[in-house]
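To keep things clear, I will list the structure first and then write my remarks on it.
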Amino acid sequence: MYSAITVSLVPEAKGGPFVYWSGLPEACADAAGLGFAAIEIFPRGAEGFDRAELKSLLSQHSLKLAAMGTGAGWVVHKLSLTHSDAAIRLRAREFIRSIIDLAGAFGAPAIIGSMQGRWEGDVTRDKALNLLAEALEDLGAHAATYGVPLLYEPLNRYETNLINCVGDTASWLRKLRTNNIRILADLFHMNMEESDLPVAIREAGSLIGHVHFADSNRRAIGFGHTAISPVIAALREIGYSGALSAEILPQPDAATAARQTMLSFQRALVTF
Ligand SMILES: [Mn+2]
């Protein structure tokens, strides 16, 4: 396992669960200074993204790119893979494809979270899940050309009505033709939806490809009431070797949230 911390480059997402908001140079310097191994970026889009700057910052600070989010497609452009309008669904897919290309060039996977949308109106739950499955087949195959998986994140009930639990996600993914989708286990969403976090992690096993490391209240681990040691033990048991990425609110401030995350690794005896 390795440590990672989130950076938002999307002003419209202000208030969202990302630690750093003041640009990549500051985020990389601070993350590396605290001993993080990687950053996870929430970009505004692939267009206009300064790839050369990212490459140079990662190398300068010996950081790796853990993953890139696609949520700006929803936050900024209101795109979703399950929208009732086929033209919007197509634009959603192209937006995600462009992030797969951007992250893939750095050997990192893209994340499908809020871009999954929700079922409503003319779109039944079955139809939405079929639309989502079709998109994952296509985008999962595209991610494979970079030798990376595509990450799918089950969200809590207030953010989607499609699939909320890790176990249900695992059963659903096992029915797809592609074997290149991995589950993003977000401990904040899981705190709301699972009856037992370690059990859910063990059940999904090798399908887990990324972890959003957040406490029950979306703050740094240790600032809420999630028992983290059994979660770490379950991740060890399934042989998880991916990121523990702090997708958390910058509370009381970014520096304290980042430091608390590092402290929580030490307290849970996570060694990298
Ligand atoms: Mn998340």
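Does at least one position in the range 62-77 carry a residue that is modelled with pLDDT of 95 or more, over 17 Å from the mean Cα position of the chain (by Cα), open to solvent by 50 Å² or more (accessible area, probe 1.4 Å) and under 20 Å from F18 (Cβ atoms)?
Of all residues in the range 62-77, those modelled with pLDDT of 95 or more come to 62-77.
After this cut, where a residue has to be over 17 Å from the mean Cα position of the chain (by Cα) as well, the list is 62-63, 76-77.
Now restrict to residues that are open to solvent by 50 Å² or more (accessible area, probe 1.4 Å): 62, 77.
Applying the additional criterion that residues be under 20 Å from F18 (Cβ atoms) yields 77.
Checked against the condition, which is being modelled with pLDDT of 95 or more, over 17 Å from the mean Cα position of the chain (by Cα), open to solvent by 50 Å² or more (accessible area, probe 1.4 Å) and under 20 Å from F18 (Cβ atoms), the range 62-77 yields at least one hit.
Taking the conditions (1) within 17 Å of R182 (Cα to Cα); (2) without any contact (Cβ under 8 Å) to a residue 12 or more places away in the chain in turn, I88 satisfies each one other than (1). For the range 169-222, enumerate the residues that are over 19 Å from E40 (Cβ atoms) and hydrophobic (A, V, I, L, M, F, W, C). Result: A170, W172, L173, L176, M192, L197, V199, A200, I201, A204, L207.
Each row is one residue, and each column tells you yes or no for (1) under 29 Å from D85 (Cβ atoms); (2) out of contact with any Lys or Arg (no Cβ under 9 Å at 6 or more places or on another chain).
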position	(1), (2)
L136	yes, yes
N164	yes, no
A185	no, yes
V199	no, yes
G222	no, no
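Selection of the range 171-208 for residues being in contact (Cβ under 8 Å) with a residue 60 or more places away in the chain and within 13 Å of the ligand (Cβ to nearest atom) yields L184, D186, F188.
Just give me the residues in the range 157-171 being buried (at least 19 other Cβ atoms within 10 Å of the Cβ) and in a helix (DSSP H, G or I), in sequence order. Scanning the range 157-171 gives V166, G167, T169, A170.
Would a scan of the range 251-269 turn up a residue that is within 14 Å of the ligand (Cβ to nearest atom), within 26 Å of A110 (Cβ to Cβ) and at pLDDT 95 or above? Walk me through how you get there before you give the answer.
First pass over the range 251-269, keeping only residues within 14 Å of the ligand (Cβ to nearest atom): none.
No, the range 251-269 has no match at all.
Here S245 does not fit the description of being hydroxyl-bearing (S, T, Y), in contact with a helix residue (DSSP H, G or I) (Cβ under 9 Å, 6 or more places away or on another chain) and under 15 Å from Y2 (Cα atoms).
Residues that are away from the ligand (no atom under 16 Å from the Cβ) and within 20 Å of G167 (Cα to Cα) within the range 209-227 comprise just one, A227. Do we find a residue being in a loop (DSSP other than H, G, I, E, B), away from the ligand (no atom under 13 Å from the Cβ) and over 17 Å from G242 (Cα atoms) anywhere in the range 130-141? Checking the range 130-141: not a single residue is in a loop (DSSP other than H, G, I, E, B), away from the ligand (no atom under 13 Å from the Cβ) and over 17 Å from G242 (Cα atoms). All conditions in (1) over 30 Å from V231 (Cα atoms); (2) exposed (fewer than 15 other Cβ atoms within 10 Å of the Cβ); (3) out of contact with any Phe, Trp or Tyr (no Cβ under 8 Å at 6 or more places or on another chain) hold for E26, with the sole exception of (3). A single member of G15, G33 is open to solvent by 60 Å² or more (accessible area, probe 1.4 Å) and more than 16 Å from the ligand (Cβ to nearest atom), and it is G33.
Scanning the range 83-105 for residues that are open to solvent by 40 Å² or more (accessible area, probe 1.4 Å) and closer than 15 Å to G147 by Cα yields R97, D101, A105.
The values are calculated or read from the model by the stated rules, or taken from the named source; none is laboratory data. Note that the coordinates shown come from a computational prediction; the quantities given were computed from them, not determined experimentally. As a convention, Cβ positions derive from the backbone with ideal geometry for all residues, glycine included, and neighbour counts pool all protein chains shown. What goes into the accessible areas is simple: the full protein's heavy atoms, side chains included, and nothing from ligands, DNA or RNA. Shrake-Rupley method; radii C 1.70, N 1.55, O 1.52, S 1.80 Å.
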